[in-house]
Every structure is written in structure tokens, then in C-alpha cells.
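Take a look at the structure below.
The values are calculated or read from the model by the stated rules, or taken from the named source; none is laboratory data. Note that the structure is predicted; figures quoted are calculated from it, not measured. Please note: Cβ atoms are built from the backbone with ideal geometry, for glycine as well, and neighbour counts cover all protein chains shown. The protein model used for the area step is the full one, side chains on, heavy atoms only, and it has no ligands, DNA or RNA in it. Shrake-Rupley method; radii C 1.70, N 1.55, O 1.52, S 1.80 Å.
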Amino acid sequence: MGGRMILVTGATGYTGRFLVRRLVEGGEHLRCLVRPSSDRRELEQLGVEMVIGDLEEVEEVRHAFAGVRLIFHLAHIRYTRTVVACADSTLECAVLVSSLRYFSRVPSPSVEEVVAGEKCATDSDLPGIILRPSMIYGPGDDRNISRMAAFLRKRRWFPVFGSGMAFQQPVYVEDVVDGILAATNHSCAVGNSYALAGAEALTYDQVVNLVGEAVGVNPVKVHIPVKLALWGAWLTECVGLRTGIEREQILRLQEDKAHSIEAARADLGYRPLALAEGLAEIYGGKGRDG
């Protein structure tokens, strides 16, 4: 990437933090567009240039794109319209990080936002590459596997909505960053989209078992019928309780999320870890209690 000016959106998000560290370690000329409400302490410690602004406000952030030759757009894909509107004539490539939620058949505003965001990119002249990660996990609070691990450590059982047989394909955060960086080194990738998922598809029950093994627990899986779970989620919403479990989430857990990564392997040299390998990177032999 050399001395090109790089703009990163979503730099304070989970994956964004890993990407920024890698770019700084590589000596890149980096600018981060950050919301006023974001925690900027890590970026300040890294000494990167920051522009404070809201991607909802096109004119407010337009100056952040001046002279930028490479964009890593990790903020929500719905903000692609702002990237398209503000991209400077110097832009060579924009890597847009979307989501495999794009393929969900569960009616949802969040799915509609993903589809619309990608359409905005493909309908424009933006020299873009769309990457669609699956469920991302890694060190720290990834809001996915880490929370499952913490629950299992504390309770040794885990609720599973439905049969637990729907496929999942979690992806290690460093593999996602590898894919993001690799996309800029392959001209054939421009104009294409790629799934960035883990090395293998596993049933949800298998995922729970592997996470339990990683933290030293033999998990008891409590299977809850889907209709009962949906009714419970509806009831808690009605009485104003916040459990963190939404009906949309329950329905999406019933969908198979097995995705081919062969295009990313061929074009980007993408080589992700299997889930057991990724968990070993995070937990190693620690936390095992027999």
C-alpha cells in the first residue's frame, strides 16, 4: 500500500481496531473517520489522524475523503451512500465490509439495510470490493463467541433455540483483517464480492461444544422449541423487559449459514482458521476446570 492516504471508517468497532493496529504496524498513512460519541482513546494512543463526524451527514464529513486513495469502510454498509457521494477523484479502491446477512431470508429492516447498502455501491462508479464476513469472533468482547464462552464458564449449560442443527461458520477476526488487506492487492477483486467465513461449516450444537471445550466445560445444551422461544421473546418485549434475545435473532439461528469461500481462496489467497484453531488462539489451555 505504500505511502497512499488511507481512510478507515468504523475504526473504533471490534474489527476496525484490529485493522487499524495492523495498518499502523505497517507504517501506513492513516486517517480515521470517527463519530463524536465513539471512544477514541486507542486511536489517540496509536497517533493516527482523526476526523470527527457523522456518516449520516454527507457535507459534514466530505473533507475527510479529500486526497484519499484507499478506503476501508467498516462502518455499517448502509453508509455506503456517503462513501459514494464523498469519494475523491484520487480514489483507487474502496473495500466495503458488508455482512453475510445479505443472504438471510428472515424479513428484517437490518437485512434490507445491508441489501440497499450493497446496491448503492454496485449501482455507482465506485471502484469497490464487497466483503461479507460471517459471525466474527476473537480476543476480547466480540459480542458473539466471547459471550457464549462467558455464559458457559458461569453456568455450564447453554440455551439453544430449535434443533441446533442449522449450520454456522464463525470467522476469526484476524482472518477477516487478512481478507480486507488482501483485497487491495488483487486488481481482479475490484467489482466483485466475497464471503469471508471460517474454514468449515458446523452445526450450532457443534459450535457450543467447541466453545465449551475451549473453556474447559462439557456444556449441557438446553433445546428450546422455536415457537416457545418466539412467544417468550414477544412476551418480554410486551412487558418492556430487555433480555438481549430478539425474535429476529431466534429466526436467523434456524437458517443454514454455510457459505463457499472458494472465490476468496482463489482471488485473495484467503486461508481462514477452523473454529477449534481460532478458539485455541484465544483461550489456549487457560480456563480449563476439568
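Brief remarks on what is shown
- Checking each residue in the range 165-179 for being touching a Ser or Thr at 6+ places or on another chain (Cβ under 8 Å) and in a helix (DSSP H, G or I) picks out Val173, Val176, Val177.
- The listed residue being hydrophobic (A, V, I, L, M, F, W, C), buried (at least 20 other Cβ atoms within 10 Å of the Cβ) and more than 22 Å from the chain's Cα centre (by Cα), out of Val58, Val48, Val83: Val48
- Residue check, Gly162 farther than 21 Å from Ser260 by Cα, open to solvent by less than 60 Å² (accessible area, probe 1.4 Å) and touching a Ser or Thr at 6+ places or on another chain (Cβ under 7 Å): no
- Selection over the range 186-206 of residues that are within 20 Å of Phe158 (Cβ to Cβ) and buried (at least 23 other Cβ atoms within 10 Å of the Cβ) gives a count of 1.
- A count restricted to the range 55-107 and to residues that are touching a Pro at 6+ places or on another chain (Cβ under 7 Å), more than 30 Å from Leu253 (Cβ to Cβ) and in a loop (DSSP other than H, G, I, E, B) stands at 2.
- Of the numbered criteria (1) under 24 Å from Gln169 (Cβ atoms); (2) in contact with a strand residue (DSSP E or B) (Cβ under 9 Å, 6 or more places away or on another chain), the one Val215 fails is (2).
- Some residue of the range 267-274 being of a type in the set (Ser, Thr, Tyr), farther than 21 Å from Phe158 by Cβ and either part of a helix (DSSP H, G or I) or under 17 Å from the mean Cα position of the chain (by Cα) (or both): yes
- Pairs where the first residue, in the range 228-250, is farther than 19 Å from Asn144 by Cβ and of a type outside the set (Asp, Glu) and the second is at pLDDT below 95 and surrounded by fewer than 10 Cβ atoms within 10 Å (Cβ to Cβ), C-beta under 6 Å, 6+ apart: Thr236/Thr243
- Taken over the range 138-157, the criterion of being within 20 Å of the chain's Cα centre (by Cα), part of a helix (DSSP H, G or I) and closer than 15 Å to Ile245 by Cβ is satisfied by Arg147, Met148.
- Per the conditions (1) under 22 Å from Thr203 (Cβ atoms); (2) touching a residue at least 12 places away in the same chain (Cβ under 8 Å), the sole criterion not satisfied by Ala150 is (2).
- Against the conditions (1) of a type in the set (D, E, K, R); (2) more than 23 Å from Tyr79 (Cα to Cα); (3) open to solvent by 30 Å² or more (accessible area, probe 1.4 Å), Asp175 satisfies every one except (3).
- Residue check for Glu118: among the charged types (D, E, K, R), open to solvent by less than 10 Å² (accessible area, probe 1.4 Å) and either in a helix (DSSP H, G or I) or closer than 21 Å to Val176 by Cα (or both): yes
- All positions within the range 3-19 that are touching a residue at least 40 places away in the same chain (Cβ under 8 Å), more than 14 Å from Pro36 (Cα to Cα) and open to solvent by 10 Å² or more (accessible area, probe 1.4 Å): Arg4, Met5, Tyr14, Thr15, Phe18
- Looking only at the range 231-259, residues that are among the hydrophobic types (A, V, I, L, M, F, W, C), part of a helix (DSSP H, G or I), closer than 18 Å to Met165 by Cα and open to solvent by less than 60 Å² (accessible area, probe 1.4 Å) come to 1 in all.
- Going through (1) within 25 Å of Gly216 (Cβ to Cβ); (2) in contact (Cβ under 8 Å) with a residue 60 or more places away in the chain one by one, Leu131 falls short only on (1).
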